[in-house]
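A.B. asks: Structure incoming, see below.
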Amino acid sequence: MSAVLDQDDKRAAHETNKLSKRIHRQVGQAIADFNMIEDGDKVMVCVSGGKDSYTLLDVLRNLRQRAPIRFDIVAVNLDQKQPGFPEHVLPEYLKRQNVPFHIENQDTYSIVKRLIPEGKTMCSLCSRLRRGILYRVAGELGATKVALGHHRDDMLQTLFMNMFFGSRMKGMPPKLVSDDGKNIVIRPLAYVAETDIERWAGHRQYPIIPCTLCGSQANLQRVQIKKMLREWDRQFPGRVDNLFTAMGNIVPSHMMDRNLYPFTTLKTTGVADPAGDRAFDDDDDCGPTPAATAIKLHRDD
């Protein structure tokens, strides 16, 4: 029996080591691909108490130790005064980890409850208020980058949310200037699958703070899209990876946005172009693109 247990322990340790290497490699690759962190940066890591932000902070701290550049990290939590919020959890955890941190206390919960009718979704207004406060705090702390814990699945969900309900092909970028024009927002977990984060958080045993303190809102459209993508991933392995790869492999000439491609002034050139339209073909080649292969390499062990 002990021999069987030893084998199980070794197998579990091996799988955990593979998971750690994959997550750290993917985060490092995303940082390099989008030049997210530069020498001398002060990175403000927004920590909510959820699995994603804990993982982000954990991995960035590990990468910082062996990075070829110097950068500082400060963890920031916004205590929005939701009833039942365990305000001691994050400070105690961050102190144990010896991480510089700042807790910002702002009662946005009362504002949201006052302005949003009972039963309506509170997330949108709550997010806007939180975003403005965190941008202000970033300036006060002298942060040069604001790091958020959004992962690959968040980015895909946002794409589908915008297509289904906003009639826009707009996703969640790995790096962007904030809407106030004063901050650079980065998402180092951009290449990391949520299922990997769930496994990593379980291994690390983070003190997770539930995100349902505002009340259950399980019928949110984002939740439904998440279920759809999870089901696709189960039924059609590789489909979600291909969707994510497509976000970085856009062909403007084969879409319909007149702001991205000069359709109205298009003229013949008399020169063959392999990227031109093949009007009489039933389907384009569905083989893997170079970008798809690159993303797959990032995800392989």
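The values are calculated or read from the model by the stated rules, or taken from the named source; none is laboratory data. This structure is a prediction, so every number in the text was calculated from the model and none was measured. Positions of Cβ are generated from backbone atoms using ideal geometry, with glycine treated the same way; all protein chains shown enter the neighbour counts. Please note that ligands, DNA and RNA were not included when accessible areas were found on the heavy atoms of the full protein model with its side chains. Shrake-Rupley method; radii C 1.70, N 1.55, O 1.52, S 1.80 Å.
A.B. asks: Going through region 29-47 one residue at a time, which ones are under 19 Å from I133 (Cβ atoms) and surrounded by fewer than 19 Cβ atoms within 10 Å (Cβ to Cβ)? Outline the logic, then answer.
C.D. replies: Our first condition is that a residue be under 19 Å from I133 (Cβ atoms); within region 29-47, this holds for 42-47.
Answer for region 29-47, where residues must be under 19 Å from I133 (Cβ atoms) and surrounded by fewer than 19 Cβ atoms within 10 Å (Cβ to Cβ): just K42.
A.B. asks: For region 239-256, give me each residue that is hydrophobic (A, V, I, L, M, F, W, C) and outside any helix (DSSP H, G or I).
C.D. replies: M247, I250, V251, M255, M256
Here's the yes/no breakdown for (1) assigned to a helix (DSSP H, G or I); (2) within 14 Å of A147 (Cα to Cα); (3) touching a Phe, Trp or Tyr at 6+ places or on another chain (Cβ under 6 Å):
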| site | (1), (2), (3) |
| --- | --- |
| E15 | yes, no, no |
| I31 | yes, yes, no |
| L57 | yes, yes, no |
| Q65 | yes, no, no |
| P86 | no, no, no |
| L90 | yes, no, no |
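A.B. asks: Among the residues of region 253-271, write down those that are within 27 Å of the chain's Cα centre (by Cα) and either among the hydrophobic types (A, V, I, L, M, F, W, C) or surrounded by 13 or more Cβ atoms within 10 Å (Cβ to Cβ) (or both).
C.D. replies: Passing the criteria: M255, L260.
A.B. asks: Cβ-Cβ under 6 Å, sequence separation 6+ or interchain: first residue in region 122-146 and closer than 16 Å to N105 by Cβ, partner among the β-branched types (V, I, T) and in a helix (DSSP H, G or I). Which pairs?
C.D. replies: Pairs found: C126/V112; L129/T108.
A.B. asks: Just to be sure before I move on: is S216 surrounded by 13 or more Cβ atoms within 10 Å (Cβ to Cβ), at pLDDT below 95, hydroxyl-bearing (S, T, Y) and farther than 22 Å from V59 by Cα in the structure I sent?
C.D. replies: Taking the combined requirement at face value, the residue does not satisfy it.
A.B. asks: Here's something else I'd like to know. Mind listing whichever residues of region 114-165 are within 14 Å of M44 (Cα to Cα) and assigned to a helix (DSSP H, G or I)?
C.D. replies: R131, I133, L134, Y135, R136, V137, A138, G139, E140, L141
A.B. asks: So which residues in region 69-96 are open to solvent by less than 70 Å² (accessible area, probe 1.4 Å), of a type outside the set (A, V, I, L, M, F, W, C) and at pLDDT below 95?
C.D. replies: Of all residues in region 69-96, those open to solvent by less than 70 Å² (accessible area, probe 1.4 Å) come to 69, 71, 73-80, 82, 84-86, 89-91, 93-94.
Checking the rest, the ones that are also of a type outside the set (A, V, I, L, M, F, W, C) come to 77, 79-80, 82, 84, 86, 91, 93.
Within region 69-96, D79, Q80, Q82, G84, P86 qualify.
A.B. asks: Report every pair of residues separated by at least 6 positions or lying on different chains whose Cβ atoms are under 6 Å apart, first residue within region 187-200 and closer than 19 Å to R239 by Cα, second modelled with pLDDT under 95 and open to solvent by 10 Å² or more (accessible area, probe 1.4 Å).
C.D. replies: Y191/H298
A.B. asks: Can you pull out the residues in region 224-256 that are in contact with a helix residue (DSSP H, G or I) (Cβ under 9 Å, 6 or more places away or on another chain) and over 22 Å from Y191 (Cβ atoms)?
C.D. replies: S253, M256
A.B. asks: What residue, of I103, I111, is modelled with pLDDT of 85 or more, open to solvent by 40 Å² or more (accessible area, probe 1.4 Å) and not in a helix (DSSP H, G or I)?
C.D. replies: Numbers: I111 fails: not in a helix (DSSP H, G or I).
After applying the criteria, what remains is I103.
A.B. asks: Taking the condition open to solvent by less than 40 Å² (accessible area, probe 1.4 Å) and over 30 Å from R234 (Cα atoms), does A143 pass?
C.D. replies: Judged against the criteria, A143 is a match.
A.B. asks: Then there is this: Could you please give the count of residues in region 33-50 that are within 29 Å of I208 (Cα to Cα) and either polar (S, T, N, Q) or part of a loop (DSSP other than H, G, I, E, B) (or both)?
C.D. replies: The total comes to 7.
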